[in-house]
Protein chains: 2
Amino acid sequence: MARVVVDVMLKPEILDPQGQAVQRALPRLGFEGIADVRQGKRFELDVAEPVTDEALARIRELAETFLANTVIEHYTVRVEEAEGAEGAGAGAAA
Amino acid sequence: MARVVVDVMLKPEILDPQGQAVQRALPRLGFEGIADVRQGKRFELDVAEPVTDEALARIRELAETFLANTVIEHYTVRVEEAEGAEGAGAGAAA
């Protein structure tokens, strides 16, 4: 069982009120020195079959069409704990 | 400017309705072979100072007390793009 991680973050030019709320709360809570915070989503996909290039391409398509709104978000797809599959399949897009 | 990433995921024993909703929608959308999906949060923290062990310990405390609800969530703290700081500061907890 391989795990593929899809990270979905708002594009840098898009305002991130959640991240801003966290960042502004930090000094109040005693944490200084954090210049910026962005909050996004992390999807962990457990893939039954070995993660071939073809499977990874399908997952990238899935991320593009379903997990991320590519108008305002960018995503990263990478293989983690790929037992019995080829190693690093990192890739980014949009 | 170094970037520290905090990943917050529901613990494996906690039901994840968001992830389930995604997983169940996949066959309908033509994506087969995904056994499980978990959805969590990803925080990207831009740290002004170099990420020393002490700074990383503070960020871990921040994740523990503020970003994650450690009753139901676990978190991972790791340094990404640590320019001018020591290399990998990966660590997990809770």
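The values are calculated or read from the model by the stated rules, or taken from the named source; none is laboratory data. Fair warning: this is a prediction, and the values are worked out from it, not measured in the lab. Quick reminder, even Gly has a Cβ in these numbers, built from the backbone with ideal geometry, and neighbours come from all protein chains shown. All accessible areas refer to the heavy atoms of the entire protein, side chains included, with ligands and DNA or RNA removed. Shrake-Rupley method; radii C 1.70, N 1.55, O 1.52, S 1.80 Å.
Residues checked against (1) modelled with pLDDT of 95 or more; (2) of a type in the set (Lys, Arg):
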residue	(1), (2)
B:36	yes, no
B:45	yes, no
B:52	no, no
B:58	no, yes
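Could you tell me whether any residue of segment A:29-36 is among the acidic types (Asp, Glu), at the interface with chain B (Cβ under 10 Å from one of its Cβ atoms) and farther than 26 Å from residue B:49 by Cα? The answer is no; no qualifying residue exists. For first residues located in segment B:2-30 and surrounded by fewer than 17 Cβ atoms within 10 Å (Cβ to Cβ), partners that are of a type in the set (Asp, Glu) and lie 6+ apart or on another chain with Cβ distances below 7 Å form the pairs B:11/B:73. Taken over segment B:34-56, residues that are open to solvent by less than 30 Å² (accessible area, probe 1.4 Å) and either assigned to a loop (DSSP other than H, G, I, E, B) or basic (Lys, Arg) (or both) amount to 2.
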